[in-house]
Every structure is written in C-alpha cells, then in structure tokens.
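> Encoded as structure tokens, here's the structure I'll be asking about.
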Amino acid sequence: MEAPGSTTLVVVGEEATAAIGSLAGLANVESATFAEMTDATDAEVVTWSSTSHAPFVVHDRDPLGHVASAWVEFYDERATLGVLQLEIEQVIDAVARHELRVPDYYVVLEPESLRGTWMHWWLGVVAAASPNRVLPWEPGDAPLAGLIRHLPTARAWPEVHRWLPGVVRSVPDRVGPGLPGAA
C-alpha cells in the first residue's frame, strides 16, 4: 500500500468526538470517529485514511493505543513489562504489514486534564519521538479547523521499529523532548 496523500491527524482526549464533529462539512477535511465503531479494524482505518482524496484526514483511532495503555499500566503497577513488550512487538509487526500507520500529527485535547502517567505518555514519550508532531490543544482556544490550517512543519516521525522499543526505558517524569530519558 502506498503512502497516503493526505495529512492525517488523530485526536485524543475525552472530547475527541465533539472536536471531530466540528469539522463536518469542511471541503478539505475528511473526518470520522471510530469510538463507537468497535468492529472497525486498524487495517480498515488505514485503508480508509489512505484512500481519502481530502488534503486532511482526522479521526480518533490511535494506532499506538494498546502500547499507550500497556505503558501507563506498567508504570502504574497494573501490568508487567512482558505485556508492554508484547504490545510494542505487535505494533511494529502491524506497521511492517501496513495494517497500522502512525498519523502525521496527534492532537491532544485538554492536556492539563490528563492524569498522571497519561500526561507523561503524550507529552513525554510520544512527544520525545517527534516534538512538533504532538499538538496540545484546548478546544476553547480556537476551532480545530484553525489548528489544521496552521499545522507546524516538523521532521517526520522516526521509523516505529527504531523508537518504539525504547519506550520500555522511558520513565515518567524523566522523559520528554530534550530530556535524557527520551526514547
């Protein structure tokens, strides 16, 4: 499968459905929420986003969601290192099979409301991999459409197989852009 021609954004946070809904009707944006579509596979989401003809594709299916949950649970002492390593391996394999694709940007809604380890995941671990590709956003600041019009330029994400295994060594409070514990 060839790379998509669209810029893809994944919106994460409690109000993702409302934020994505605010984009309905925009000519240059194709958007969807998969929160209620539990039967949609990651591969189907990749196919949907890859075949879009819109310049921007916005959705709420986080391809790193299982790794994120395993990392948070590991550091909150609710899962083992083995679970985290397994989730990382599965994502790397799925990316190699083109069943998963990391979006061009993550939009993290209301980052101040993130609890403990989740804040370190989004603004530490993921942001360390490509700082300008993780965008903290307060919905009251400006419409999501405005954020899309002013996306920062940024270096591309590193290959998943190069940075994701280092997540096991990314310790909360010690990871983030420019910090020594960065993945």
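The values are calculated or read from the model by the stated rules, or taken from the named source; none is laboratory data. This structure is a prediction, so every number in the text was calculated from the model and none was measured. Glycine gets a Cβ as well: all are built from the backbone with ideal geometry, and neighbour counts include every protein chain shown. We work out accessible area using only protein heavy atoms, side chains counted, and drop any ligands, DNA or RNA first. Shrake-Rupley method; radii C 1.70, N 1.55, O 1.52, S 1.80 Å.
> Taking region 1-42 on its own, how many of its residues are open to solvent by 40 Å² or more (accessible area, probe 1.4 Å) and farther than 28 Å from residue 112 by Cβ?
Count: 13.
> Same structure again: Take the conditions farther than 24 Å from residue 152 by Cβ, aliphatic (A, V, I, L, M), open to solvent by less than 20 Å² (accessible area, probe 1.4 Å) and under 17 Å from the mean Cα position of the chain (by Cα) and apply them to residue 45. Does it pass?
Yes.
Residue-wise test of (1) touching a His at 6+ places or on another chain (Cβ under 9 Å); (2) of a type in the set (Lys, Arg); (3) touching a residue at least 60 places away in the same chain (Cβ under 8 Å).
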position: 79; (1), (2), (3): no, no, no
position: 95; (1), (2), (3): yes, no, yes
position: 101; (1), (2), (3): no, yes, yes
position: 109; (1), (2), (3): no, no, yes
position: 127; (1), (2), (3): no, no, no
position: 134; (1), (2), (3): no, no, no
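> Restricting the search to region 50-75, which residues are assigned to a helix (DSSP H, G or I), in contact (Cβ under 8 Å) with a residue 24 or more places away in the chain and either open to solvent by less than 50 Å² (accessible area, probe 1.4 Å) or among the basic types (Lys, Arg) (or both)?
Residues satisfying the conditions are 50, 67, 68, 71, 72.
> Something else: In region 81-115, how many residues are modelled with pLDDT under 95 and of a type in the set (Ser, Thr, Tyr)?
Qualifying residue count, region 81-115: 1.
> Of all residues in region 119-155, how many are surrounded by fewer than 19 Cβ atoms within 10 Å (Cβ to Cβ) and among the β-branched types (Val, Ile, Thr)?
1
> Also: Name the single residue that is farthest from residue 62 (Cα to Cα) among those in region 79-118 being among the charged types (D, E, K, R), open to solvent by 60 Å² or more (accessible area, probe 1.4 Å) and outside any loop (DSSP other than H, G, I, E, B).
Checking each candidate, the answer is 112.
> Next up: Looking only at region 16-40, filter to residues that are of a type outside the set (A, V, I, L, M, F, W, C) and either in contact with a helix residue (DSSP H, G or I) (Cβ under 6 Å, 6 or more places away or on another chain) or modelled with pLDDT of 90 or more (or both); which one of those is nearest to residue 91 (Cα to Cα)? Working first, answer last.
Going through region 16-40, the residues of a type outside the set (A, V, I, L, M, F, W, C) turn out to be 17, 21-22, 25, 28, 30-31, 33, 36, 38-39.
Those still in the list that are either in contact with a helix residue (DSSP H, G or I) (Cβ under 6 Å, 6 or more places away or on another chain) or modelled with pLDDT of 90 or more (or both) too: 17, 21-22, 28, 30-31, 33.
Details: 17: 24, 21: 28, 22: 30, 28: 30, 30: 25, 31: 23, 33: 21 Å.
If we take residues in region 16-40 being of a type outside the set (A, V, I, L, M, F, W, C) and either in contact with a helix residue (DSSP H, G or I) (Cβ under 6 Å, 6 or more places away or on another chain) or modelled with pLDDT of 90 or more (or both), then 33 is nearest to residue 91 (Cα to Cα).
> Among the residues of region 141-183, what is the count of those that are within 16 Å of residue 95 (Cβ to Cβ), part of a loop (DSSP other than H, G, I, E, B) and modelled with pLDDT of 85 or more?
Result for region 141-183: 4.
> Please go through region 140-168 and pick out each residue that is touching a residue at least 60 places away in the same chain (Cβ under 8 Å) and over 17 Å from the mean Cα position of the chain (by Cα).
Applying the first criterion (touching a residue at least 60 places away in the same chain (Cβ under 8 Å)) to region 140-168 yields 143-145, 148, 151, 160-161, 164-165, 167-168.
Within region 140-168, 143, 145, 168 qualify.
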